[in-house]
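Heads up: the structure comes next, in structure tokens.
The values are calculated or read from the model by the stated rules, or taken from the named source; none is laboratory data. From a predicted model like this one, the values you see are computed outputs, not experimental measurements. For neighbour counting, all protein chains shown are included, and Cβ atoms are generated from backbone atoms with ideal geometry for every residue, glycine included.
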């Protein structure tokens, strides 16, 4: 099921489980790093839209966030792929971050066929393994669903309990990678 981020109490990029795992792995430095990137004003940095696709049949969660820099001169879709490890109780979904990759990079597209080849064939960064090397278990996060029906899902980071809220609205049940 595809959902689009309607509201986030912080930067839309933080809706990605990668950033939750990053906070868990680097608890003392993450907020300082985030405050630097969050302070970059538009049009130098623009974020959104953000989407999530959850497939219980494949046990996958794919998070995508469009990031544009320099007034749209360089744009990409930052894609984080996660494996659904299971549930905790009725409301919590446990996911493991596996990889992160910029997709549909406009910088690479400007290189013509070579750029298209690189866009399509470059390997994702093994962000989950990198987080695990720093802190065992750092790549696994819990999504606490406060509310979920066929149209809306409201969730929080179920481990850090940092008060951040993300509201997702259903986009479609079909696979759609366009943002």
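General observations
- Residue in region 107-118 that is touching a strand residue (DSSP E or B) at 6+ places or on another chain (Cβ under 7 Å), buried (at least 18 other Cβ atoms within 10 Å of the Cβ), outside any strand (DSSP E or B) and in contact (Cβ under 8 Å) with a residue 12 or more places away in the chain present: no
- Criterion applied to 25, 87, 75 was being without any contact (Cβ under 8 Å) to a residue 60 or more places away in the chain, over 11 Å from the mean Cα position of the chain (by Cα) and crowded, with 17+ Cβ neighbours inside 10 Å, and the one residue passing it is 75.
- Test: residue 103 is crowded, with 16+ Cβ neighbours inside 10 Å, under 25 Å from residue 7 (Cβ atoms) and touching a residue at least 12 places away in the same chain (Cβ under 8 Å): yes
- Of all the residues in region 145-170, those that are in contact (Cβ under 8 Å) with a residue 60 or more places away in the chain, under 16 Å from the mean Cα position of the chain (by Cα) and not in a loop (DSSP other than H, G, I, E, B) number 6.
- Evaluating residue 18 against the criteria (1) closer than 23 Å to residue 136 by Cβ; (2) touching a residue at least 60 places away in the same chain (Cβ under 8 Å); (3) not in a helix (DSSP H, G or I) leaves one unmet condition, (3).
- Subset of region 130-144 that is without any contact (Cβ under 8 Å) to a residue 24 or more places away in the chain and part of a helix (DSSP H, G or I) - its residue that is surrounded by the fewest Cβ atoms within 10 Å (Cβ to Cβ): 133
- Selection of first residues in region 42-58 that are closer than 10 Å to residue 1 by Cα and of second residues that are surrounded by fewer than 17 Cβ atoms within 10 Å (Cβ to Cβ) and at pLDDT 90 or above, restricted to Cβ pairs under 8 Å at least 6 apart or on distinct chains, gives the following pairs, ordered by first then second residue: 53/60; 54/60.
- Some residue of region 4-14 being over 22 Å from residue 68 (Cβ atoms), modelled with pLDDT of 90 or more and part of a helix (DSSP H, G or I): no
- Of all residues in region 145-157 being in contact with a strand residue (DSSP E or B) (Cβ under 7 Å, 6 or more places away or on another chain) and farther than 16 Å from residue 63 by Cβ, the one that is surrounded by the most Cβ atoms within 10 Å (Cβ to Cβ): 154
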